[in-house]
Each structure stands twice: as C-alpha cells, then as structure tokens.
Protein chains: 2
Amino acid sequence: MSSSALAFAKQNHPRFLAELKDLLRIPSISTLPEHSEDCRKAAETVKAELKRIGLEHARLIEGGHGPDAHPLVYADWLHAAGKPTVLIYGHYDVQPPDPLDEWHTPPFEPTERNGNIYARGAVDDKGQVWAQIKALESLMAANKALPVNVRVIFEGEEEVGGETIANYVASKPGDLKADFALVSDTELFAPGLPTLCVGLRGMIYTELEVRGAKTDLHSGIYGGAAPNPFVALCQIIAKLKDENGHILIPGFYDDVQAPSADELKAWKSLPFDEEEYRKTEVGSKVLVGEPGLSVMERTWARPTVDVHGMPGGFTGAGAKTVIPAKATAKVSMRLVPNMTPAKAFQLYKSYVEKIKPVGVDIDVRLIHSGDACLIPTDNKYVKAATKALHEVWGKDTVFIRSGGSIPIVGDFDKHLGLPSVMMGFGLPDDNLHAPNEKFNLKNFELGIDSLIRFLEEVGR
Amino acid sequence: MSSSALAFAKQNHPRFLAELKDLLRIPSISTLPEHSEDCRKAAETVKAELKRIGLEHARLIEGGHGPDAHPLVYADWLHAAGKPTVLIYGHYDVQPPDPLDEWHTPPFEPTERNGNIYARGAVDDKGQVWAQIKALESLMAANKALPVNVRVIFEGEEEVGGETIANYVASKPGDLKADFALVSDTELFAPGLPTLCVGLRGMIYTELEVRGAKTDLHSGIYGGAAPNPFVALCQIIAKLKDENGHILIPGFYDDVQAPSADELKAWKSLPFDEEEYRKTEVGSKVLVGEPGLSVMERTWARPTVDVHGMPGGFTGAGAKTVIPAKATAKVSMRLVPNMTPAKAFQLYKSYVEKIKPVGVDIDVRLIHSGDACLIPTDNKYVKAATKALHEVWGKDTVFIRSGGSIPIVGDFDKHLGLPSVMMGFGLPDDNLHAPNEKFNLKNFELGIDSLIRFLEEVGR
C-alpha cells in the first residue's frame, strides 16, 4: 500500500491536527440559540478550507428558519470524467457540553492526552469531517486532481434535527446528483477493527408537558388537593415501558423488522464481552433491557424509550416547597427498520392521552424525527471500502449497525437514490454527547488514510 | 373599641406601609447562598427597628453553620410586672421568586395594585412581621409602656429548615422564657373572617438521587441497554402513591391521628365552596386526592407526597439525546399529628430502597423536617385572642388548621412548654411560594389593630 497522497498526509499530519484544534475551539452548539454565530463561524471555516484545498463552488447554503437554522456548506470538484461521483457528508455542529463540571479539561479547549484529543465535537463530528477534508487535500495535493468526482455537503443542524439539509435534499435533488454517499459519523466496533455501519435506528424526540394548577402553589397549603405535574409525568412515564424495558405503547412493535438470521449470526461472532461493556463503557451495576436479547439486538434492532431531562419546578440547591403549575419531560424513542416516525409518534401520543392521570392537561410535541435505515452491502462502493480498509488496517471489515440515528442517510436513499457508505473512525468509549468526548489520534490518522485509499479505489 | 394605640396606628399607617416596602425590597432569599448578605441586611433592618421603637437588648444571634445560616433577631421589653410574657415569632427570610417571568411586577419591587401589595415575602412573612412590630410600636408610643412583657424572636431560615432557631430553642430555653407564643405566619380562612390556626402539618423534605451509568451516555448508542435514571425515578415515584393520592409506603398511615368529630363538624360549617376553590385558587381541571374526604381533611389532616423538581440531564431548549448518569427528585411529605418525621423518613427510605428498579443505585437524603402539631384551644390566651379579633373584625373567630408546616411551633411546645396563638392575616389566594405573592392592605391594617387589641387584652 502506497500512494503519494498517503505520503502527503503522513508528512502533513501535525498541521492537520493543529487545524482540527482550531475548528474544535469554535463552540458551534446548534441546539443553543446563543451559539448561532459560532455555528456560522464553523461553517465559514470549513467552507474556506474546502476552497483552499482546491474544491470549486464552495459556498454556504441558507434556507432554515428560526434560531436553530444554520447554513449548509457545499463545494464540488467534477472533473474526473467517466468516474463515479461521491457525495461526502458530515456535520460541523456539536452537542451542548453540559454538565461542565465533569470535564477534566474545558470542552472547547482541545487537549491531547493519552493518545487522544479531548474536546466537544472531537469525534462527533468535527474530527471526522476534518479527516474527510484532509483526505481530499492529500489527494489533490499529490495528483493535482481527484480520483473521483466529489460533492461535499456539510450541515450544522445534525444535533438539532437537520431540517435545513432535509429540506434541501428533498427540494433540490438535482444539486446533489451522485452515485453514492460517504458518511463519516460512525465508529469502529473495537479498536483497530475496520468497520462499516450498515444500519441505523430512527428516532422521534418529543416534549411531554403536563399542566395542573393555574399557578405555582405552596405544597403545604394545597398538597393533597392540587394535582402535581411531576407526579403525573412520573405516572405516565412509568407506564411507557415495563421494568424489563419492554415498551407498553399498544402497537409499537407491530412494524419492527427483525434482523436476518445471517446478520444475527455475524453479530454473535463480533469481539464483544458483555461484562466488559457493562463495566468499562456503561459503568452501571447491571445492564437493563429486554431479557433474552443480546446487547447488539437491544441497541441496534429494538426500539427504546429514554427520558433526557425533566425541566420545571424548583431545581436549585436546598428546598422549595412548590407544586409547580407545569412540568415537562424530554422523551425520545429510537425506531428500527420498517417503523415510521409518524406512526410511532401517533401511537405514543394517543397512548399518553389515554393514560394521563385525572386533573392535568397534557401537550405532546414532536421536536424532530428521523427514519431508520438498512444499507444493502452487495454494491461496488461497499466492496471498494472493504478493500481500502483491509489495506490500511490489515484486517477484514465487520458490518455492524448503530443504535444512533443519522436521518440524512434515509433522505439520501429516499430523495437521491444513493446508497451510503458509513465509514467512521470513532471508538465505543469516545463519550460522544457526554463530558470528556475524545477522538483517538491514531484513528484520525488512519481515518484519513482509509478515506484516501477508498476514493482511490473507487476511481480506479 | 378604642385605644390610643389604635389611634396611633391609624395615624401612622402610610409610614408603616412605606417601611414595609423598604423591607420587601431586600431579597432575603434564605435558600440561595448568593443572597446570604441580603438575609443579614433584612435581619439588621428588623433589629434596628425593634430598638428604635423602644425594645431592649436588641441583637442578632448567630449560631448556624454553612451557607444557609442566617442570624436570629432578638429583643425584649420586660417591665410589665405581674403580667404575662409573650414570645413573638415571625421570619424575615423569603422563598426564591422563580419563575420570574410569571410575575406581573418584579418580586422585589413592591407594588400596590387592587388594594394589595405585591412582592415576594409580602405575606410570608415580612408583612406579618411588620404588623407585629408596628403593633408594638403603637402600644409603646401611646402608653410609653407595653401592656405585657414581650420577647421577640425572628428567624431567617424558616424557608430553609430553621436549624438555627431550632438549636437555639433546644439549647437555651431559659433565654426565651415566656407564657405563650404569638406566631403570625398564617391566614384567614376567608376574607373578613377572623381565624386562629390551631393545627399544622409537619414535613420531611428529601432528595432522591438515582445513579445509573458512570457518565452521561448517548441514547442512540446505549439506549436499550443502559439504565435511565429518570425512568427509574419515575418508576419509583409512580409507586409512592396511587392515582387517588393514597400513599403506598407500608405503615405510613399507622400513626395518623384522625380529627375529632367536633373538629370535623366545625370544618363542615366553614364557608367553603369546593368548586370555587378549584376554579379560583387551584385553577385545575379537577381536584385530586383521596376519595370521600373533604378538601379540609385532605389538606389539613392527611399526609401527602409531592415532587417539587427533578434536576439533572438536559433541560435547555431543543434536543439533547443524553442518558444522564444521574437524576434527582426533590420529594417532600407532609405529616399530620402523631406522625414523627424520623419514622416517616425511615419508612419512605426503606420502601424506596426495596422498590428501586434494577441497574441503578439510589441515595435518599433528608434535607429538613418538622413536627406536626395541634394546639389546645381552651387556654386564656386563645380566649383573649378571640375577644380581640371579634372587636376588630366584628365576627366570631373560626378555628382551622393549616396544611403547611411551622416547625418552630412544635419546638416552642416541646422545649419551652409554650402554647402558640397562631394569629395570621394572609388570604387563601395570596400566592405564597408562588409568583405574584401579595398581602391585602386592609388585612395589614386590621392585623396591626388585632395584635394591639390582643396584647392589651392579655395584659388586662
């Protein structure tokens, strides 16, 4: 395995890393309106870099509405006559960093430690976006051309629903004409094990608001007669699933497509130690979930319900004896192939309205949603990817799914007719969406090499 | 009914009100450490006023520990030879004002509107403390002496557990020697209806913390296998009481002392319209609670469980797909006569530990507690109070209980052997502990008159 692009990447690695750190310093938190300008700054940084390395038509695409709207970044290079066109996707936005006090070093001051770089967005997804750009730069610098036609589309709303890119893909499919998509927002199954993700869960993210009294009340004076919205919320949430994690919403499992026997067999042969996973990744006393199913089945092939926060009432230090007028729960559900977000939301909403306790009003709001997807593995792009990965990592690729959601992969399929190659380089313990998010520096380096070799292979 | 003290009060009412506004402008929020200096400022203001009106030995008493410790204010006047000694109690601290956006005028800018004064602490308890002080000032100004011996003790931790005064009463009972206590921190049963409160619920205020994974996790990657602390909390809380408000903790009702047949009969004759109460005070669709019991029984004579807030996880705008490592619920229980906080907490803690879902650890913390109490109504101080109230209000006094907790009343009984006369002038719709707290200006005026006449009557 050798190419002048790989040599360029090796030589320039320290600079690549320094540039990534600059990008990580921008707190482009898409869910928080006060960071709107930071999101734009990250978009401008990425756009300028795409232009600098030689891509054409680099521009920001506006089009979203409201405080969560952040521009898309587009660029292309379409001079590889007769070669396939790849649509390269990633996102420059990041999750909020809270709880801040659990970070060992500040989330927006990228820090190298133990062979990793720690920062919010290190692996999800700025580090992987930068690996994509640096692969393109290396190919372009070494050959004054790219081996394939390339369109790049990066978004800034992945963590907040991805409305702008979804609308863009649906309304202007001709702008993104390609043969396949390359998505780098996933992880290796284990350190050193080349991995392609071929399945994603979908999701619905909701807010469940419960209102009782017209105003906050004193729990001494009114306790025993006034409805307590938190108690009502707890009564509702306790009925969403049983203590084995089985969802109690009628009809919720009706459309669930079970994994194939082949897929289940492959999952069983993956290097996975459930006890090690419990101890080092989750760190809980026991794992929860549906009995009789493996962790892979539970997290890749079964729907879930999770509660992320319950704003309202008094949350400060000390004691306040208030019965709040309202309380809210942020509730999301992961969906699996063949389920649809619209139906799942309707089943959930109807059920909650049916089981709500007396004395309260409820409001069930859909914040965002995404389709689940399964990628066929028998196309030439997947084959090229496994060949490239074998060369760089020295091992056969494993096909896995992810429990997470990348709604755009479903949109690429639906609106553009593109299969996606989900080639990502995170690790299972990278703490994405959590304090101390990191990206392994070796994976950053081999990720760039893998992407270089993959594009060379596709263009052969 | 006439006395020169009443005349003095009438003449000086505008000044009394202006002074009260000055006190209300001090945000003496005892539960928030950042307002510690404001609590001290309120204490100093009250102490200075007690000295100015002619009381002796005015001083602050320190003794608490930690950020919630705020000084007691003491003063006395003990020159009414042969007359009873009254221990006058109130508190200068207030509840936090949040949610701020629901206040029509800022909580610490007292505003007159519709015959009320609106401010945090207007009725709970600064307005009533000021009525006590102004009654003493009027008596002293008119007679150059008081009709009874007086000790005043005001605290600044009523909203945060009252540790300093509890310790002081328990450890130095000789400092507060008296014949009875006068507590002004309660309300009239209905506008214009003189009321003495003769029973209070006790309480335990707890934090229930649930811990699952060792760190926050992504709900896509781990959802279905990692325990969710909010879901576990909801499962626990849903089992604390049934949907009729009946508490499910084994043994919780064992010690409950039922109201006497006489008391129940008196409650039935109170001017109370349950539908009106639901609509105008609570403002909920229906009232909740144990079927077959009146609102008075539910709120005065039955224990309750309420949840005040559930800090943890993601509570901002938008969406964050986190499974938090931990979540907490602020849970309190009101107790009724014959129940003890220690036993109630133990029953609750044991039950919660027994029903906790698999996969999580829990921690049950007692933040503070107070005894319930019932005051005998056949003593001469209660008789003097009813006589004074009849003169000022032109009506017979009703004896009620309160669902709230004034733990110090139990301590006065236990450590000082004092019966308490709970003579307060709030109204049921005064929004205490809620946005737009108010105090009726007429009640402030008649409250001062009532206190003047009561002390004159006791000293006769």
Under 10 Å from the Cβ of B:GLU187, count the other residues' Cβ atoms, weight Lys and Arg +1, Asp and Glu -1, and hand me the total. -4
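By the gyration tensor of its Cα atoms, with a ≥ b ≥ c the square roots of the eigenvalues, what is the shape of the range A:220-281: rounded for a/c under 1.5, prolate for a/b over b/c, or oblate?
Cα axes put the range A:220-281 in the oblate bin.
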Tell me, what are the semi-axes, in whole angstrom and largest first, of the equivalent ellipsoid of the protein assembly as shown as set by the roots of 5 times the Cα gyration tensor eigenvalues? 66, 27, 22
Alpha-carbon spread of the range B:19-174, three principal axes, descending order, Å: 54, 39, 20
Charge dipole of the range B:41-163 about the Cα centre (unit charges at C-beta), most positive-ward option of B:THR45, B:HIS65, B:PRO107: B:THR45
Among the DSSP beta bridges whose two residues both lie in the range B:1-157, what percent are antiparallel, rounded to the nearest 5? 60
Peptide A:204-210 - average C-beta neighbours from other chains (10 Å radius): 1
How large is the convex hull of the C-alpha atoms of the range B:116-226 per residue, in Å³? 241
Distance between modelled label sites at A:HIS13 and A:GLU274, nm, 7 Å Cα→Cβ extension: 3.8
Indicate the gyration tensor shape class of the range B:363-450 (rounded, prolate or oblate), computed on the Cα atoms with a ≥ b ≥ c the square roots of the eigenvalues: a/c under 1.5 is rounded; otherwise a/b larger than b/c is prolate and the rest oblate. oblate
222 nm mean residue ellipticity, helices alone, for chain B (DSSP H n ≥ 4; -39,500 (n - 2.57); rounded to 500): -10000 deg cm²/dmol
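Using the Cα gyration tensor of the range A:225-321, with a ≥ b ≥ c the square roots of its eigenvalues, what is the shape: rounded (a/c below 1.5), prolate (a/b larger than b/c) or oblate (neither)?
On the way: a/c = 3.70, a/b = 1.77, b/c = 2.09.
In terms of gyration-tensor shape, oblate.
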Binned Cα-Cα distance frequencies in the range A:289-337 - 5 Å width, integer %: 5, 17, 16, 15, 11, 9, 9, 11, 7, 0
Unpartnered Cys in chain B, judged by a 4.7 Å Cβ-Cβ cut-off, are B:CYS39, B:CYS197, B:CYS373
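Take the Cβ-Cβ distance between A:HIS79 and A:LYS285 as r, set R0 to 45 Å, and report the resulting FRET efficiency rounded to the nearest 0.05.
0.20
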Degrees between helix A:441-458 axis and first principal axis of chain A (Cα, 0 to 90, nearest 10): 60
At 1.306 mPa s and 10 °C, Stokes diffusion of the range A:337-405 via Kirkwood alpha-carbon radius, µm² per second: 98
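Would you please name the GluC sites (Glu not before Pro) within the range A:232-286 that are DSSP coil residues with at most 14 other C-beta atoms within 10 Å of their C-beta?
Numbers: sites: A:GLU243, A:GLU263, A:GLU274, A:GLU275, A:GLU276, A:GLU281; in loops: A:GLU243.
For GluC sites (Glu not before Pro) across the range A:232-286 that sit outside H, G, I, E and B with at most 14 neighbouring Cβ atoms in 10 Å, the list reads A:GLU243.
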Report, to the nearest 10°, how far helix A:407-416 tilts away from the longest principal axis of the Cα atoms in chain A, using its own Cα long axis and a range of 0 to 90°. 60
Give, rounded to the nearest 20 debye, the magnitude of the charge dipole that the range A:184-299 has about its Cα centre when Lys and Arg contribute +1 at Cβ and Asp and Glu contribute -1 at Cβ. 420
In whole Å, what are the Cα extents of the range A:91-168 along the three principal axes, biggest one first? 47, 37, 13
Rounding to the nearest 20 debye, state how big the charge dipole of the range A:61-138 is about its Cα centre with +1 on each Lys and Arg Cβ and -1 on each Asp and Glu Cβ. 440
Peptide B:283-292 - average C-beta neighbours from other chains (10 Å radius): 6
How large is the charge dipole for chain B, taken about the Cα centre, if only the Cβ atoms of Lys, Arg (+1) and Asp, Glu (-1) carry charge, to the nearest 20 debye? 360
Check: in the range A:372-460 the Lys pairs 8 or more apart or on separate chains whose Cα atoms fall under 28 Å apart number 12
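Quick one: what do you get for the range A:64-122 if you divide its Cα Rg by 2.2 N^0.38 Å? Mind dumping the intermediate values first?
Values: Rg = 17.8 Å, N = 59, 2.2 N^0.38 = 10.4 Å.
Cα Rg divided by the expected 2.2 N^0.38 Å: 1.72.
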Loop-located trypsin sites (Lys or Arg not before Pro) in the range A:354-437, at most 12 other Cβ atoms within 10 Å (DSSP): A:LYS395
In vacuo Debye scattering of chain B, one point per C-alpha: log10 I(q)/I(0) at q = 0.06, 0.08, 0.09, 0.14 Å⁻¹? -0.28, -0.49, -0.61, -1.41
Extreme residue, positive dipole direction of the protein assembly as shown, given options A:VAL183, B:VAL94, A:THR304 (C-beta unit charges): A:THR304
Where both residues lie in chain B, what percent of DSSP beta bridges are antiparallel, nearest 5? 70
With Cβ to Cβ distances under 12 Å as the rule, what net charge do the other residues near A:LEU427 carry (K, R +1; D, E -1)? -4
Share, in percent, of DSSP beta bridges within the protein assembly as shown that are antiparallel, nearest 5: 70
If one takes the longest principal axis of the Cα atoms in chain B, at what angle in degrees, from 0 to 90 and to the nearest 10, does the Cα axis of helix B:36-52 lie? 10
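Starting with the highest mean, order B:332-343, A:137-148, B:430-441 by the number of other Cβ atoms within 10 Å, averaged over the residues of each peptide.
Ranking the peptides B:332-343, A:137-148, B:430-441 by packing returns B:430-441, B:332-343, A:137-148.
Read the figures in this text as sums done on the coordinates, not as results from a lab. As the structure is a computational prediction, the values presented were derived from the model and not from experiment. Here the Cβ is made from the backbone with ideal geometry for all residues, glycine too, and neighbour counts use every protein chain on show.
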